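In what follows, a structure is listed as structure tokens, so that the remarks can point back to it.
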Amino acid sequence: MALAALDTGGGGDVDLRAAAELIADDAKDLAGSWSRKIPPTIETSIDGLVATVSASAPNARPAELRLRHPLFRDRHHWYGPPGEPFLAPAADARANAAMARYAQKIDRWAREAGFH
């Protein structure tokens with residue numbers, strides 16, 4: 001088998017991105033049940049063989065990590081985070097589907113290398 005068959009291509013791995021998008025779409029659905037700000041900020045990025053799904057809305061981190069905070073520096077009154085976790089549950093729920101999607105790449109490599 002030629003090593004060229006293992007080329008991930010320039011500009012990011014389309015199979016890895018497609019797998020990560022399955023998780024991102026589920027995270028958007030979960031966050032969308034209680035937030036209008038978070039879903040539009042959920043995005044995927046690819047760096048080599050690593051896919052990252054992230055959200056950049058200000059309330060995303062406290063919701064995902066369940067961080068409590070004082071209101072206006074009043075340390076006597078702490079408040080819970082907004083919403084619910086959405087990234088980790090999406091990754092848990094869609095991990096099998098994402099792996100199956102990425103495995104399509106291996107199947108394609110095998111076909112291109114002459115395996116049936």
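At a glance:
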{"read-out": "Residue check for A63: more than 25 Å from D25 (Cβ to Cβ), without any contact (Cβ under 8 Å) to a residue 40 or more places away in the chain and small (G, A, S)", "value": "no"}
{"read-out": "Among the residues listed as T8, T44, T52, the single one being modelled with pLDDT under 95 and either part of a strand (DSSP E or B) or surrounded by 14 or more Cβ atoms within 10 Å (Cβ to Cβ) (or both)", "value": "T8"}
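The values are calculated or read from the model by the stated rules, or taken from the named source; none is laboratory data. Keep in mind that what you see is a predicted model, and the values were worked out from it rather than measured. Positions of Cβ are backbone-derived with ideal geometry, glycine not excepted, and every protein chain shown enters the neighbour counts.
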